[in-house]
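A short write-up of the structure that comes next.
The values are calculated or read from the model by the stated rules, or taken from the named source; none is laboratory data. Here the structure is a predicted model, which is why all the values come from computation and not from measurement. Note that we place each Cβ from the backbone using ideal geometry, even for glycine, and neighbour counts take in every protein chain shown. The area values use the complete protein model at the heavy-atom level, side chains included, leaving out ligands, DNA and RNA. Shrake-Rupley method; radii C 1.70, N 1.55, O 1.52, S 1.80 Å.
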Number of protein chains: 2
Amino acid sequence: MGLKLKGIEYEYIEQDFKNKSPLLLQHNPIHKKVPVLIHNGKSVVESAIILEYIDQVWEGEGAPILPKDPYQRAIARFWAKFIDEKCVPPTRKALWSRRVEREKTANEAGEALKILESELKGKKFFGGDQVGYVDIFGCFIAYWLRTLDQVVGLDLFTQDKLPNLCRWADDLCDHSFIKENLPDKERLLARLHAHSQTTN
Amino acid sequence: MGLKLKGIEYEYIEQDFKNKSPLLLQHNPIHKKVPVLIHNGKSVVESAIILEYIDQVWEGEGAPILPKDPYQRAIARFWAKFIDEKCVPPTRKALWSRRVEREKTANEAGEALKILESELKGKKFFGGDQVGYVDIFGCFIAYWLRTLDQVVGLDLFTQDKLPNLCRWADDLCDHSFIKENLPDKERLLARLHAHSQTTN
(Lines give C-alpha, C1' and ligand atoms only; values in the text may rest on other atoms or scores of the structure.)
Protein backbone atom coordinates (compact mmCIF):
# COMPACT_ATOMS: atom_id res chain seq x y z
CA MET A 1 0.00 0.00 0.00
CA GLY A 2 2.90 2.35 0.74
CA LEU A 3 4.36 1.74 -2.72
CA LYS A 4 0.93 2.29 -4.32
CA LEU A 5 0.58 5.64 -2.48
CA LYS A 6 3.94 6.68 -3.96
CA GLY A 7 3.07 5.33 -7.41
CA ILE A 8 6.07 2.97 -7.44
CA GLU A 9 5.84 -0.25 -9.47
CA TYR A 10 6.73 -3.46 -7.71
CA GLU A 11 6.50 -7.20 -8.01
CA TYR A 12 4.36 -8.90 -5.36
CA ILE A 13 5.47 -12.39 -4.34
CA GLU A 14 3.05 -14.39 -2.20
CA GLN A 15 4.38 -16.79 0.42
CA ASP A 16 3.23 -20.28 1.34
CA PHE A 17 3.69 -20.31 5.13
CA LYS A 18 3.77 -24.09 5.30
CA ASN A 19 6.69 -24.05 2.90
CA LYS A 20 8.61 -20.78 3.23
CA SER A 21 10.67 -19.88 0.17
CA PRO A 22 14.49 -19.69 0.21
CA LEU A 23 14.07 -16.04 -0.85
CA LEU A 24 12.12 -15.25 2.35
CA LEU A 25 14.58 -17.12 4.57
CA GLN A 26 17.49 -15.32 2.90
CA HIS A 27 15.98 -11.84 3.24
CA ASN A 28 14.43 -12.15 6.71
CA PRO A 29 16.62 -14.77 8.42
CA ILE A 30 15.78 -13.60 11.96
CA HIS A 31 11.98 -13.40 11.92
CA LYS A 32 11.23 -15.45 8.73
CA LYS A 33 8.05 -13.40 8.26
CA VAL A 34 6.38 -11.20 5.66
CA PRO A 35 6.27 -8.38 4.72
CA VAL A 36 9.80 -8.00 3.32
CA LEU A 37 10.65 -5.24 0.86
CA ILE A 38 13.58 -6.09 -1.42
CA HIS A 39 15.04 -2.93 -2.96
CA ASN A 40 18.39 -2.76 -4.79
CA GLY A 41 19.10 -6.27 -3.48
CA LYS A 42 18.77 -5.15 0.16
CA SER A 43 15.95 -6.23 2.41
CA VAL A 44 13.84 -4.10 4.72
CA VAL A 45 11.51 -5.93 7.11
CA GLU A 46 8.60 -5.14 9.45
CA SER A 47 5.59 -3.10 8.30
CA ALA A 48 6.36 0.13 10.19
CA ILE A 49 10.01 0.14 9.12
CA ILE A 50 9.11 -0.57 5.48
CA LEU A 51 6.62 2.34 5.43
CA GLU A 52 9.20 4.74 6.91
CA TYR A 53 11.78 3.52 4.35
CA ILE A 54 9.42 3.97 1.38
CA ASP A 55 8.42 7.45 2.59
CA GLN A 56 12.08 8.55 2.81
CA VAL A 57 13.43 6.90 -0.38
CA TRP A 58 10.57 8.18 -2.59
CA GLU A 59 10.10 11.40 -0.64
CA GLY A 60 9.05 13.66 -3.50
CA GLU A 61 6.82 11.14 -5.28
CA GLY A 62 3.09 10.47 -4.95
CA ALA A 63 1.45 11.18 -1.60
CA PRO A 64 3.40 11.50 1.66
CA ILE A 65 2.88 8.54 4.01
CA LEU A 66 3.90 10.32 7.23
CA PRO A 67 3.26 14.03 7.90
CA LYS A 68 6.37 16.23 7.56
CA ASP A 69 5.89 18.15 10.84
CA PRO A 70 7.80 16.42 13.68
CA TYR A 71 4.92 16.63 16.15
CA GLN A 72 2.28 15.37 13.68
CA ARG A 73 4.73 12.64 12.75
CA ALA A 74 5.06 11.63 16.42
CA ILE A 75 1.26 11.53 16.72
CA ALA A 76 0.98 9.27 13.65
CA ARG A 77 3.65 6.93 15.04
CA PHE A 78 1.83 6.89 18.37
CA TRP A 79 -1.47 5.75 16.84
CA ALA A 80 0.16 3.18 14.60
CA LYS A 81 1.86 1.69 17.66
CA PHE A 82 -1.40 1.85 19.62
CA ILE A 83 -3.23 -0.09 16.89
CA ASP A 84 -0.40 -2.61 16.64
CA GLU A 85 0.07 -3.22 20.36
CA LYS A 86 -3.19 -2.36 22.10
CA CYS A 87 -5.97 -2.94 19.54
CA VAL A 88 -4.94 -5.79 17.27
CA PRO A 89 -3.75 -8.39 19.85
CA PRO A 90 -6.88 -8.44 22.09
CA THR A 91 -9.29 -8.07 19.14
CA ARG A 92 -7.59 -10.89 17.26
CA LYS A 93 -7.56 -13.05 20.39
CA ALA A 94 -11.22 -12.36 21.15
CA LEU A 95 -12.23 -13.28 17.60
CA TRP A 96 -9.79 -16.06 16.75
CA SER A 97 -9.68 -18.14 19.92
CA ARG A 98 -12.05 -20.86 21.15
CA ARG A 99 -15.50 -19.61 22.12
CA VAL A 100 -14.93 -20.11 25.84
CA GLU A 101 -11.84 -17.87 25.84
CA ARG A 102 -13.41 -15.07 23.80
CA GLU A 103 -15.14 -13.22 26.61
CA LYS A 104 -11.91 -12.59 28.50
CA THR A 105 -10.34 -10.48 25.77
CA ALA A 106 -13.52 -9.00 24.28
CA ASN A 107 -13.68 -6.32 26.98
CA GLU A 108 -10.03 -5.33 26.56
CA ALA A 109 -10.53 -5.15 22.78
CA GLY A 110 -13.70 -3.06 23.23
CA GLU A 111 -11.90 -0.54 25.45
CA ALA A 112 -8.98 -0.12 23.03
CA LEU A 113 -11.29 0.24 20.02
CA LYS A 114 -13.29 2.90 21.89
CA ILE A 115 -10.10 4.99 22.20
CA LEU A 116 -9.58 4.71 18.42
CA GLU A 117 -13.24 5.62 17.93
CA SER A 118 -12.78 8.87 19.82
CA GLU A 119 -9.55 9.74 17.94
CA LEU A 120 -11.45 9.42 14.63
CA LYS A 121 -14.16 11.90 15.66
CA GLY A 122 -14.45 14.63 13.02
CA LYS A 123 -11.82 13.04 10.77
CA LYS A 124 -12.27 11.17 7.51
CA PHE A 125 -9.04 9.19 7.92
CA PHE A 126 -6.36 9.11 10.63
CA GLY A 127 -4.21 10.89 8.02
CA GLY A 128 -6.86 13.68 7.77
CA ASP A 129 -8.48 13.93 4.32
CA GLN A 130 -5.92 11.53 2.87
CA VAL A 131 -5.01 7.94 3.70
CA GLY A 132 -1.67 7.79 5.54
CA TYR A 133 0.60 5.78 7.83
CA VAL A 134 -1.97 5.07 10.57
CA ASP A 135 -4.69 4.11 8.09
CA ILE A 136 -2.41 1.56 6.44
CA PHE A 137 -1.80 0.05 9.91
CA GLY A 138 -5.53 0.16 10.51
CA CYS A 139 -6.41 -2.00 7.48
CA PHE A 140 -6.01 -5.15 9.51
CA ILE A 141 -8.74 -3.93 11.83
CA ALA A 142 -10.90 -2.34 9.14
CA TYR A 143 -10.94 -5.38 6.86
CA TRP A 144 -9.72 -8.65 8.40
CA LEU A 145 -10.85 -8.26 11.99
CA ARG A 146 -14.14 -6.52 11.18
CA THR A 147 -15.01 -9.28 8.68
CA LEU A 148 -14.05 -11.92 11.24
CA ASP A 149 -16.30 -10.18 13.77
CA GLN A 150 -19.23 -10.57 11.35
CA VAL A 151 -18.44 -14.25 10.87
CA VAL A 152 -18.02 -14.98 14.56
CA GLY A 153 -20.98 -12.77 15.57
CA LEU A 154 -19.21 -11.24 18.58
CA ASP A 155 -20.49 -7.75 17.58
CA LEU A 156 -17.36 -5.84 18.59
CA PHE A 157 -17.83 -3.54 15.58
CA THR A 158 -21.37 -2.22 15.46
CA GLN A 159 -22.70 1.14 14.27
CA ASP A 160 -24.05 1.98 17.71
CA LYS A 161 -20.84 1.09 19.60
CA LEU A 162 -18.30 2.44 17.11
CA PRO A 163 -19.96 4.73 14.55
CA ASN A 164 -16.79 6.64 13.57
CA LEU A 165 -14.68 3.50 13.32
CA CYS A 166 -17.28 1.71 11.17
CA ARG A 167 -17.60 4.70 8.84
CA TRP A 168 -13.80 4.98 8.63
CA ALA A 169 -13.46 1.25 7.91
CA ASP A 170 -16.02 1.52 5.07
CA ASP A 171 -14.27 4.57 3.57
CA LEU A 172 -10.84 2.99 3.94
CA CYS A 173 -11.75 -0.34 2.34
CA ASP A 174 -13.42 1.57 -0.48
CA HIS A 175 -10.37 3.78 -1.11
CA SER A 176 -8.76 2.98 -4.47
CA PHE A 177 -5.17 2.49 -3.18
CA ILE A 178 -6.33 0.24 -0.38
CA LYS A 179 -9.01 -1.70 -2.28
CA GLU A 180 -6.56 -2.97 -4.87
CA ASN A 181 -4.42 -4.53 -2.15
CA LEU A 182 -7.10 -6.25 -0.09
CA PRO A 183 -7.77 -9.96 -0.60
CA ASP A 184 -11.02 -10.97 -2.26
CA LYS A 185 -13.93 -10.78 0.22
CA GLU A 186 -15.48 -14.12 -0.80
CA ARG A 187 -12.17 -15.97 -0.37
CA LEU A 188 -11.58 -14.27 2.98
CA LEU A 189 -15.10 -15.11 4.20
CA ALA A 190 -14.71 -18.76 3.20
CA ARG A 191 -11.38 -18.96 5.03
CA LEU A 192 -12.74 -17.27 8.18
CA HIS A 193 -15.92 -19.41 8.20
CA ALA A 194 -13.78 -22.54 8.00
CA HIS A 195 -11.67 -21.36 10.96
CA SER A 196 -14.68 -20.33 13.00
CA GLN A 197 -16.19 -23.84 12.65
CA THR A 198 -13.11 -25.32 14.33
CA THR A 199 -13.28 -23.02 17.37
CA ASN A 200 -16.96 -23.16 18.33
CA MET B 1 19.98 10.58 26.50
CA GLY B 2 18.73 11.79 23.12
CA LEU B 3 18.62 15.37 24.36
CA LYS B 4 22.14 15.00 25.81
CA LEU B 5 23.43 13.73 22.45
CA LYS B 6 21.98 16.85 20.82
CA GLY B 7 23.27 19.14 23.57
CA ILE B 8 19.78 20.41 24.42
CA GLU B 9 19.07 21.57 27.97
CA TYR B 10 16.04 20.12 29.69
CA GLU B 11 14.39 19.76 33.05
CA TYR B 12 14.09 16.19 34.32
CA ILE B 13 11.03 15.42 36.46
CA GLU B 14 11.00 12.08 38.26
CA GLN B 15 7.72 10.24 38.83
CA ASP B 16 6.44 8.40 41.86
CA PHE B 17 4.61 5.44 40.33
CA LYS B 18 2.52 4.85 43.40
CA ASN B 19 1.26 8.39 43.12
CA LYS B 20 1.34 9.55 39.51
CA SER B 21 1.42 13.32 39.08
CA PRO B 22 -1.41 15.30 37.42
CA LEU B 23 1.25 16.45 34.89
CA LEU B 24 1.90 12.84 33.80
CA LEU B 25 -1.82 11.99 33.59
CA GLN B 26 -2.44 15.15 31.57
CA HIS B 27 0.39 14.56 29.10
CA ASN B 28 0.06 10.79 28.68
CA PRO B 29 -3.63 10.12 29.40
CA ILE B 30 -3.75 6.86 27.43
CA HIS B 31 -0.72 4.94 28.75
CA LYS B 32 0.02 6.97 31.94
CA LYS B 33 3.68 5.98 31.62
CA VAL B 34 7.09 7.62 31.36
CA PRO B 35 9.01 8.74 29.38
CA VAL B 36 7.06 11.79 28.22
CA LEU B 37 8.80 14.68 26.48
CA ILE B 38 7.00 18.01 26.91
CA HIS B 39 8.14 20.49 24.27
CA ASN B 40 6.39 23.80 23.49
CA GLY B 41 3.52 22.59 25.66
CA LYS B 42 2.93 19.50 23.52
CA SER B 43 3.65 15.98 24.68
CA VAL B 44 5.48 13.22 22.84
CA VAL B 45 5.37 9.76 24.39
CA GLU B 46 7.11 6.36 23.98
CA SER B 47 10.90 6.06 23.86
CA ALA B 48 11.25 5.28 20.14
CA ILE B 49 8.89 8.07 19.11
CA ILE B 50 10.62 10.59 21.41
CA LEU B 51 14.04 9.75 19.94
CA GLU B 52 12.76 10.14 16.36
CA TYR B 53 11.16 13.47 17.35
CA ILE B 54 14.33 14.83 18.98
CA ASP B 55 16.42 13.77 15.98
CA GLN B 56 14.15 15.63 13.56
CA VAL B 57 13.48 18.79 15.62
CA TRP B 58 17.18 19.35 16.46
CA GLU B 59 18.47 17.88 13.20
CA GLY B 60 21.56 20.03 12.77
CA GLU B 61 22.64 20.06 16.42
CA GLY B 62 24.97 17.75 18.31
CA ALA B 63 25.32 14.17 17.10
CA PRO B 64 22.74 12.46 14.86
CA ILE B 65 20.68 9.82 16.68
CA LEU B 66 19.59 7.87 13.58
CA PRO B 67 21.73 7.47 10.45
CA LYS B 68 20.65 9.66 7.52
CA ASP B 69 20.75 6.90 4.88
CA PRO B 70 17.29 5.27 4.54
CA TYR B 71 18.63 1.71 4.53
CA GLN B 72 20.94 2.26 7.54
CA ARG B 73 18.03 3.95 9.25
CA ALA B 74 15.81 0.90 8.61
CA ILE B 75 18.54 -1.35 10.06
CA ALA B 76 18.78 0.80 13.21
CA ARG B 77 14.99 0.70 13.63
CA PHE B 78 15.06 -3.06 13.13
CA TRP B 79 17.60 -3.64 15.94
CA ALA B 80 15.86 -1.24 18.32
CA LYS B 81 12.61 -3.14 17.77
CA PHE B 82 14.42 -6.46 18.17
CA ILE B 83 15.86 -5.37 21.52
CA ASP B 84 12.50 -4.03 22.66
CA GLU B 85 10.38 -7.00 21.61
CA LYS B 86 12.64 -10.03 21.50
CA CYS B 87 15.46 -9.41 24.01
CA VAL B 88 14.05 -7.35 26.86
CA PRO B 89 10.80 -9.27 27.62
CA PRO B 90 12.29 -12.79 28.05
CA THR B 91 15.45 -11.49 29.77
CA ARG B 92 13.42 -9.41 32.19
CA LYS B 93 11.06 -12.32 32.82
CA ALA B 94 13.92 -14.76 33.39
CA LEU B 95 15.58 -12.42 35.88
CA TRP B 96 12.61 -10.81 37.58
CA SER B 97 10.20 -13.71 38.11
CA ARG B 98 10.12 -16.34 40.86
CA ARG B 99 13.04 -18.75 40.78
CA VAL B 100 10.92 -21.69 39.60
CA GLU B 101 9.73 -19.79 36.52
CA ARG B 102 13.14 -18.51 35.52
CA GLU B 103 14.36 -21.52 33.58
CA LYS B 104 11.49 -21.36 31.08
CA THR B 105 12.44 -17.96 29.73
CA ALA B 106 16.22 -18.13 30.27
CA ASN B 107 16.67 -20.14 27.05
CA GLU B 108 14.58 -17.76 24.98
CA ALA B 109 16.53 -14.81 26.43
CA GLY B 110 19.85 -16.54 25.73
CA GLU B 111 18.93 -17.16 22.07
CA ALA B 112 17.86 -13.54 21.48
CA LEU B 113 20.98 -12.15 23.20
CA LYS B 114 23.16 -14.42 21.02
CA ILE B 115 21.69 -12.74 17.92
CA LEU B 116 22.61 -9.31 19.37
CA GLU B 117 26.06 -10.67 20.19
CA SER B 118 26.67 -11.60 16.57
CA GLU B 119 25.39 -8.23 15.29
CA LEU B 120 27.95 -6.46 17.52
CA LYS B 121 30.89 -8.40 16.10
CA GLY B 122 33.56 -5.97 14.88
CA LYS B 123 31.62 -2.92 16.07
CA LYS B 124 32.23 -0.66 19.03
CA PHE B 125 28.59 0.41 19.30
CA PHE B 126 25.46 -0.48 17.32
CA GLY B 127 25.75 3.06 15.96
CA GLY B 128 29.33 2.30 14.73
CA ASP B 129 32.02 4.39 16.43
CA GLN B 130 29.38 6.61 18.01
CA VAL B 131 26.52 5.89 20.37
CA GLY B 132 23.18 6.07 18.52
CA TYR B 133 19.53 5.06 18.46
CA VAL B 134 20.02 1.31 19.05
CA ASP B 135 22.56 1.86 21.84
CA ILE B 136 20.13 4.09 23.72
CA PHE B 137 17.55 1.28 23.46
CA GLY B 138 20.22 -1.16 24.59
CA CYS B 139 20.93 0.66 27.88
CA PHE B 140 18.20 -1.26 29.63
CA ILE B 141 20.02 -4.49 28.77
CA ALA B 142 23.54 -3.13 29.29
CA TYR B 143 22.87 -1.64 32.71
CA TRP B 144 19.64 -2.74 34.43
CA LEU B 145 19.31 -6.30 33.20
CA ARG B 146 23.02 -7.09 33.30
CA THR B 147 23.23 -5.80 36.89
CA LEU B 148 20.15 -7.81 37.80
CA ASP B 149 21.78 -10.89 36.26
CA GLN B 150 24.74 -10.42 38.62
CA VAL B 151 22.42 -10.10 41.60
CA VAL B 152 20.30 -13.10 40.67
CA GLY B 153 23.30 -15.18 39.58
CA LEU B 154 21.59 -16.59 36.49
CA ASP B 155 24.75 -15.98 34.40
CA LEU B 156 22.98 -14.94 31.20
CA PHE B 157 25.70 -12.32 30.58
CA THR B 158 29.13 -13.89 30.87
CA GLN B 159 32.33 -13.12 28.99
CA ASP B 160 32.47 -16.63 27.52
CA LYS B 161 28.85 -16.67 26.34
CA LEU B 162 28.57 -13.06 25.15
CA PRO B 163 32.02 -11.44 24.82
CA ASN B 164 30.97 -8.71 22.34
CA LEU B 165 27.84 -7.84 24.26
CA CYS B 166 29.72 -7.61 27.59
CA ARG B 167 32.42 -5.41 26.04
CA TRP B 168 29.75 -3.20 24.43
CA ALA B 169 27.82 -2.93 27.71
CA ASP B 170 31.03 -1.83 29.52
CA ASP B 171 31.86 0.76 26.84
CA LEU B 172 28.28 2.02 26.71
CA CYS B 173 27.87 2.46 30.47
CA ASP B 174 31.22 4.21 30.54
CA HIS B 175 30.29 6.63 27.75
CA SER B 176 29.96 10.18 29.06
CA PHE B 177 26.48 10.92 27.59
CA ILE B 178 25.10 7.65 28.89
CA LYS B 179 26.86 7.58 32.26
CA GLU B 180 25.34 10.87 33.36
CA ASN B 181 21.83 9.49 32.84
CA LEU B 182 22.18 6.12 34.55
CA PRO B 183 20.96 5.70 38.13
CA ASP B 184 23.55 5.27 40.86
CA LYS B 185 24.90 1.70 40.90
CA GLU B 186 24.73 1.28 44.68
CA ARG B 187 21.10 2.41 44.81
CA LEU B 188 20.25 0.12 41.90
CA LEU B 189 22.01 -2.85 43.52
CA ALA B 190 20.21 -2.30 46.82
CA ARG B 191 16.86 -2.14 45.01
CA LEU B 192 17.57 -5.27 42.94
CA HIS B 193 18.87 -7.23 45.96
CA ALA B 194 15.69 -6.37 47.86
CA HIS B 195 13.55 -7.60 44.95
CA SER B 196 15.59 -10.76 44.47
CA GLN B 197 15.05 -11.72 48.14
CA THR B 198 11.29 -11.72 47.57
CA THR B 199 11.41 -14.07 44.57
CA ASN B 200 13.77 -16.82 45.73
#### Entry: Where a residue in the range A:139-166 is in contact (Cβ under 8 Å) with a residue 60 or more places away in the chain and its partner, wherever it lies, is part of a helix (DSSP H, G or I) and small (Gly, Ala, Ser), with Cβ under 7 Å and at least six apart
A:Leu154/A:Ala94; A:Leu154/A:Ala106; A:Leu156/A:Ala94; A:Leu156/A:Ala106; A:Leu156/A:Ala109; A:Leu156/A:Gly110
### Task
State whether the residues of the range B:180-191 include one that is on the phi > 0 side of the Ramachandran plot and out of contact with any helix residue (DSSP H, G or I) (no Cβ under 6 Å at 6 or more places or on another chain).
no
### Query
Among the residues of the range B:1-27, which ones are within 20 Å of the chain's Cα centre (by Cα), free of Cβ contacts under 8 Å to residues at least 24 places away in the same chain and open to solvent by less than 80 Å² (accessible area, probe 1.4 Å)?
B:Gln15
### Query
Just to be sure, is B:Asp160 at positive phi and open to solvent by 80 Å² or more (accessible area, probe 1.4 Å)?
no
### Message
Out of the residues in the range A:35-71 meeting the condition of being in a loop (DSSP other than H, G, I, E, B) and more than 20 Å from A:Gln130 (Cβ to Cβ), tell me which one is nearest to the other protein chains (Cβ to nearest Cβ).
### Response
A:Glu46
### Query
Is there a residue being at the interface with chain B (Cβ under 9 Å from one of its Cβ atoms) and over 19 Å from B:Trp79 (Cβ atoms) anywhere in the range A:21-34?
no
### Yes/no for B:Ala74 being in a helix (DSSP H, G or I), in contact with a Pro (Cβ under 6 Å, 6 or more places away or on another chain), open to solvent by less than 40 Å² (accessible area, probe 1.4 Å) and assigned by TED's automatic domain parsing to the domain that holds B:Phe140
no
### Query
Which fully enclosed helices (runs of 4 or more DSSP H) of the range B:81-200 have 2 or more residues being over 26 Å from A:His31 (Cα atoms) and of a type outside the set (Ser, Thr, Tyr)?
B:99-119, B:146-152, B:163-174, B:176-179, B:185-199
